[in-house]
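Comments concern the structure below.
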Amino acid sequence: MSGVEGYMYPNEVTLYWSVLIVLYPYITGLVAGAFILASLERVFRVDAVKPIYRLALLTALAFLLDAPLPLQFHLGHPERSYEMYFTPHATSAMAMFGYVYMWYLMAVLVFEIWLDYRREIVLLSQQSKGLMRVIYKIMTLGSNNISERSLRIDEKVGWIVTLIGIPSAFLLHGYVGFIFGSLKSNPWWSSPLMPVVFIFSAMVSGIAAVMLIYMAVTKLRHQKIDMRCVDAVAMYMFYIFIIDFSLEMLDLVHRIYEADESFRSLDFMVHTKLYFSQIVLQIFIGTLVPLILLFLTQVGQFGEIARKRIYVLCGSLILIGVFAMRWNVVIGGQLFSKSFLGYTTYKMALVTREGLLAAIGLTILPLFFLWVLLKLLPPWPKKEMQEAAAGD
Amino acid sequence: MSGFKDVSHLFRFAGLFVIAFLVFLVVRVYVVPKSFGEYGHYRAAAIGEIAAHPIKFAGHQACESCHSDIADTKAKGAHAHVNCEACHGALATHANDPSSMTPVKPDTLVLCARCHTASAAKPKGFPQVNPADHMGGVPCQTCHNPHSPAIGSDTGKGAAAGGTK
């Protein structure tokens with residue numbers, strides 16, 4: 001049989017979880033990472049990341065809106081997907097994920113963004129015209145109260161929401177890792193470290209994505225990049241990356257030392273079918289290179305332009321590396337036979353519902369969502385925004 | 001009263017949640033099938049609907065009542081416990097009215113290879129061959145009687161042709 005080496009059980013020959021299932025934990029991870037970055041300012045009072053706070057929240061929302069779409073594209077009958085929420089079963093990890101998702105979307109992200117933007121929303125509802133005025137009016141929920149006391153209350157409630165949001169973000173992405181880690185039949189996935197590794201890699205990728213988006217958007221607006229902010233973001237990204245790398249290595253060392261009955265088969269797979277995506281992309285290009293570069297920026301003295309270039313390079317490599325990690329988990333877990341006697345091949349289609357073009361489209365879509373959100377709720381300094389609003 | 005005024009917008013947002021939850025409950029009443037949960041975590045009416053499907057398999061007793069010669073041959077061979085319709089397909093229509101359709105004979109090159117192609121996962125005692133090496137395109141029933149496959153038992157075209165009507 002083409003693409004099959006050795007012996008595969010009949011139901012293992014075709015991969016049922018495609019590139020879209022790779023995309024799903026990747027995008028969910030970007031949400032969690034972007035939110036954790038926002039919480040640095042709100043909860044941990046890291047003033048340096050203030051310029052990126054709102055952008056991080058909007059990025060998290062844009063990617064969160066996109067997160068369930070790969071799953072919908074993957075389903076044979078997406079029109080039935082709502083059923084698991086109307087008749088949920090406690091043993092259904094996906095049904096529980098839906099509730100965590102809704103909680104995170106509405107009770108955390110939308111609520112926090114609404115609280116943070118409420119003053120601007122009320123002002124814009126008075127200053128805008130036409131359709132935008134109607135939209136802003138609806139967004140005020142009929143309350144124009146922006147008294148000092150009400151805004152102070154918003155600030156306090158927002159702080160509490162962020163505080164609740166941190167474990168929620170961990171829960172959201174931990175759940176994605178849990179879905180894989182809890183599959184005891186698959187030795188490539190079954191590991192209690194899986195949710196933790198997913199969370200930390202999510203934080204690194206989310207921070208990298210927001211940093212790149214901030215630099216790109218600022219450049220497009222012909223504004224000056226706040227290097228104090230980007231330096232601080234890169235520093236946190238570096239620290240979290242070290243933890244992420246340590247955890248992944250711990251998982252690897254544990255597997256090598258334990259060397260259970262699946263080890264020889266998995267080891268062979270890593271050195272053959274997954275060599276490029278795991279050794280080259282994930283570990284070397286996506287982890288070691290950005291780690292070394294970020295380390296150099298922490299210990300060395302580099303000019304502003306050099307730092308910017310290093311950060312852009314590191315951010316891009318991290319995004320590639322974390323995507324490769326998701327790929328290796330999802331696709332890698334389906335390439336080997338549970339008999340440990342054979343391997344199959346994943347052939348990605350191009351123009352199908354679960355093909356490459358759909359995956360590219362779903363990766364770009366959150367940037368479109370973000371563009372709409374940036375138009376609706378500009379995260380730029382308030383003075384500038386008010387001038388823009390007054391000029392409309 | 002002004003104290004409440006400064007937090008009223010929070011209640012408005014909370015109201016959204018209440019409305020969303022109420023809409024969820026109302027929609028749930030309409031979209032969850034009435035019989036859901038009657039016996040377990042599934043739609044009880046599905047049992048009746050599935051039972052109402054027309055029967056497609058006749059069962060080996062029905063086949064044996066007419067094709068008794070084949071049944072006798074089969075009972076002595078290694079395929080004694082393989083049901084007729086496992087190879088010949090669902091034939092309730094034929095059993096109910098034999099003249100309504102004539103079953104198509106399976107292509108043994110495809111059918112036999114489905115079980116007997118060599119594979120490391122099959123038990124050692126199970127007869128298995130590499131089809132290309134073993135028969136080189138010659139149909140299996142040339143040498144084996146599919147109903148009693150040991151060579152010498154009752155081989156040849158006549159044996160595989162079927163029994164009396």
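Just for the stretch A:186-205: of the residues that are out of contact with any His (no Cβ under 6 Å at 6 or more places or on another chain) and of a type in the set (Val, Ile, Thr), which one is surrounded by the most Cβ atoms within 10 Å (Cβ to Cβ)?
Out of the qualifying residues, it is A:204.
Where in the stretch A:165-275 are there helices (runs of 4 or more DSSP H), lying wholly inside it, with at least 1 residues that are polar (S, T, N, Q) and closer than 23 Å to residue A:34 by Cβ?
Output list reads A:194-220, A:227-258.
Does the stretch A:173-195 contain at least one residue that is closer than 17 Å to residue A:54 by Cβ and away from every other protein chain (no Cβ under 12 Å)?
To start, the set of residues in the stretch A:173-195 that are closer than 17 Å to residue A:54 by Cβ comprises none.
Within the stretch A:173-195 (the criterion being closer than 17 Å to residue A:54 by Cβ and away from every other protein chain (no Cβ under 12 Å)), the answer is no, since none of the residues qualifies.
Looking at (1) within 18 Å of residue A:177 (Cβ to Cβ); (2) surrounded by fewer than 16 Cβ atoms within 10 Å (Cβ to Cβ); (3) within 12 Å of chain B (Cβ to nearest Cβ), which is the only condition residue A:95 fails?
(2)
Could you run through the stretch B:1-42 and say how many residues are outside any loop (DSSP other than H, G, I, E, B) and either under 30 Å from residue A:160 (Cα atoms) or at the interface with another protein chain (Cβ under 9 Å from one of its Cβ atoms) (or both)?
Result for the stretch B:1-42: 26.
Looking at the stretch B:139-156, I want the residues that are within 13 Å of residue B:71 (Cα to Cα) and have a partner that is at pLDDT 90 or above and part of a loop (DSSP other than H, G, I, E, B) with Cβ atoms under 6 Å, at least 6 apart or on another chain. Which pairs are those?
Close Cβ pairs (under 6 Å, with a partner that is at pLDDT 90 or above and part of a loop (DSSP other than H, G, I, E, B)) amount to B:148/B:77.
Taking the condition of being closer than 30 Å to residue A:228 by Cβ and within 14 Å of chain B (Cβ to nearest Cβ), how many residues in the stretch A:35-90 meet it?
0
For the stretch A:72-164, please list each of the helices (runs of 4 or more DSSP H) lying entirely inside it that holds at least 2 residues being touching a residue at least 12 places away in the same chain (Cβ under 8 Å), over 30 Å from residue B:34 (Cα atoms) and within 20 Å of the chain's Cα centre (by Cα). Write out each step before concluding.
Details: elements: A:83-86, A:93-102, A:111-127, A:130-140.
Where helices (runs of 4 or more DSSP H) fall fully within the stretch A:72-164 and carry at least 2 residues being touching a residue at least 12 places away in the same chain (Cβ under 8 Å), over 30 Å from residue B:34 (Cα atoms) and within 20 Å of the chain's Cα centre (by Cα), they are A:111-127.
Can you report the number of residues in the stretch B:97-121 which are in contact with a helix residue (DSSP H, G or I) (Cβ under 9 Å, 6 or more places away or on another chain) and away from chain A (no Cβ under 14 Å)?
The qualifying residues number 13.
Does residue B:71 fit the bill of being surrounded by fewer than 14 Cβ atoms within 10 Å (Cβ to Cβ), of a type outside the set (Val, Ile, Thr), away from chain A (no Cβ under 14 Å) and under 28 Å from residue B:116 (Cβ atoms)?
So residue B:71 does not fit the description; no.
The conditions are (1) crowded, with 24+ Cβ neighbours inside 10 Å; (2) within 14 Å of chain B (Cβ to nearest Cβ), and residue A:110 fails exactly one of them. Which is it?
Failing condition for residue A:110: (1).
For the stretch B:121-139, how many residues meet the condition of being surrounded by 10 or more Cβ atoms within 10 Å (Cβ to Cβ), among the small types (Gly, Ala, Ser) and assigned to a loop (DSSP other than H, G, I, E, B)? Walk me through how you get there before you give the answer.
Taking the stretch B:121-139 and keeping what is surrounded by 10 or more Cβ atoms within 10 Å (Cβ to Cβ), we get B:121-122, B:126-132, B:134-135, B:138-139.
Still in the list and also among the small types (Gly, Ala, Ser): B:121, B:132.
Now narrow it down to the ones that are assigned to a loop (DSSP other than H, G, I, E, B): B:121.
Count: 1.
Answer yes or no as to whether residue A:131 is surrounded by 19 or more Cβ atoms within 10 Å (Cβ to Cβ) and out of contact with any Lys or Arg (no Cβ under 9 Å at 6 or more places or on another chain).
Taking the combined requirement at face value, the residue does not satisfy it.
Among residues belonging to the stretch A:138-164 that are hydroxyl-bearing (Ser, Thr, Tyr) and within 14 Å of chain B (Cβ to nearest Cβ), point out the one that is nearest to residue A:94 (Cα to Cα).
Going through the qualifying residues, I end up with A:140.
Taking residue B:46 as the residue in question, decide whether it is in a helix (DSSP H, G or I), surrounded by 14 or more Cβ atoms within 10 Å (Cβ to Cβ) and of a type outside the set (D, E, K, R).
Working: in a helix (DSSP H, G or I): yes; surrounded by 14 or more Cβ atoms within 10 Å (Cβ to Cβ): no; of a type outside the set (D, E, K, R): yes.
No: the conditions fail for residue B:46.
Would you check if there is a residue in the stretch B:80-94 being within 14 Å of chain A (Cβ to nearest Cβ), assigned to a helix (DSSP H, G or I) and touching a helix residue (DSSP H, G or I) at 6+ places or on another chain (Cβ under 9 Å)?
no
Please go through the stretch B:78-102 and pick out each residue that is surrounded by 14 or more Cβ atoms within 10 Å (Cβ to Cβ) and either within 18 Å of the chain's Cα centre (by Cα) or not assigned by TED's automatic domain parsing to the domain that holds residue B:147 (or both).
The answer is B:82, B:84, B:85, B:87, B:88, B:91, B:92, B:93.
Consider residue A:167 against the criteria (1) buried (at least 21 other Cβ atoms within 10 Å of the Cβ); (2) away from chain B (no Cβ under 14 Å); (3) not aromatic (Phe, Trp, Tyr): it satisfies all of them except one. Which criterion is unmet?
(1)
Among (1) touching a His at 6+ places or on another chain (Cβ under 7 Å); (2) more than 26 Å from residue A:342 (Cβ to Cβ); (3) not β-branched (Val, Ile, Thr), where does residue B:87 come up short?
Tallying (1) touching a His at 6+ places or on another chain (Cβ under 7 Å); (2) more than 26 Å from residue A:342 (Cβ to Cβ); (3) not β-branched (Val, Ile, Thr), residue B:87 fails exactly one: (1).
Could you tell me whether the stretch B:46-66 includes any residue that is within 14 Å of chain A (Cβ to nearest Cβ), at negative phi and not β-branched (Val, Ile, Thr)?
yes
Just to check your reading of the model, which residue among B:128, B:141 is in contact with a helix residue (DSSP H, G or I) (Cβ under 9 Å, 6 or more places away or on another chain) and under 30 Å from residue A:342 (Cα atoms)?
Step by step, each of B:128, B:141 is checked, and only B:128 is in contact with a helix residue (DSSP H, G or I) (Cβ under 9 Å, 6 or more places away or on another chain) and under 30 Å from residue A:342 (Cα atoms).
The values are calculated or read from the model by the stated rules, or taken from the named source; none is laboratory data. The model shown is predicted, which means the values in this text are computed figures rather than measured ones. A quick note on method: Cβ atoms are made from the backbone with ideal geometry, for glycine too, and the neighbour counts reach across all protein chains shown.
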